[in-house]
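The values are calculated or read from the model by the stated rules, or taken from the named source; none is laboratory data. What you see is a predicted model, and the numbers here were worked out from it, not measured in a lab. All Cβ positions, glycine included, derive from the backbone under ideal geometry; neighbour counts span all protein chains shown. Heavy atoms of the whole protein, side chains included, go into the accessibility calculation; ligands, DNA and RNA do not. Shrake-Rupley method; radii C 1.70, N 1.55, O 1.52, S 1.80 Å.
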Amino acid sequence: MKIVNITEPGKFFNAVAKCGGRVELVTSEGDRLNLKSTLCQYIALTQMFQDCSIEVVELCLSDPEDFKKLDPYIVKK
């Protein structure tokens, strides 16, 4: 799914930790960030979500049931 922002990053990443499958962020350049990795979370926050002019990125979930855990915290396009 395409997203443009995360409303509450702390709660979002807590929900990511509870997901059963892979949770990846795919940038417009094709980079894939594993959001279960603390380093990748830091990169996502500092490079993308704090910049007001972020482009749409894609959130990829290997387990569709995990969407229910993350949906309250994402702004979809």
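In whole Å, what three semi-axes, largest first, describe the equivalent ellipsoid of the chain built from its Cα gyration tensor (square root of 5 times each eigenvalue)? List each step's numbers first, then the result.
Details: eigenvalues 59, 33, 32 Å².
Largest first, the chain gives 17, 13, 13 Å.
Which net charge results when you count Lys and Arg as +1 and Asp and Glu as -1 among the other residues whose beta-carbon is under 9 Å from that of Glu58? Intermediate values should be presented prior to the final figure.
Values: positive: Lys2; negative: Glu24.
Local net charge: 0.
Placing unit charges on C-beta atoms (Lys and Arg positive, Asp and Glu negative, everything else neutral), compute the dipole magnitude of the chain about its Cα centre in debye, rounded to 20.
240 debye
Mind ranking Lys76, Lys68 by accessible surface for me, highest first, 1.4 Å probe? It would help to have the intermediate numbers written out before the result.
Details: Lys76 100, Lys68 140 Å².
Heavy-atom accessible area, descending, gives Lys68, Lys76.
For Lys68 paired with Lys11, estimate the spin-label separation in nm (one decimal), with each label point 7 Å from Cα along the Cα-to-Cβ line.
In this crude spin-label approximation the distance works out to 1.8 nm.
Multiply the residue gap between Val75 and Lys36 by 0.36 nm, knock off their C-alpha separation, and tell me the result in nm, one decimal place. Walk me through the numbers before you get to the answer.
Numbers: separation 39, 0.36 × 39 = 14.04 nm, distance 1.93 nm.
The Val75-Lys36 span can extend by a further 12.1 nm.
Under the rule of -39500 (n - 2.57) per DSSP H run of 4 or more residues, summed and divided by the residues of the chain, what mean residue ellipticity at 222 nm is obtained, to the nearest 500 deg cm²/dmol?
Here the helix-only value at 222 nm equals -7000 deg cm²/dmol.
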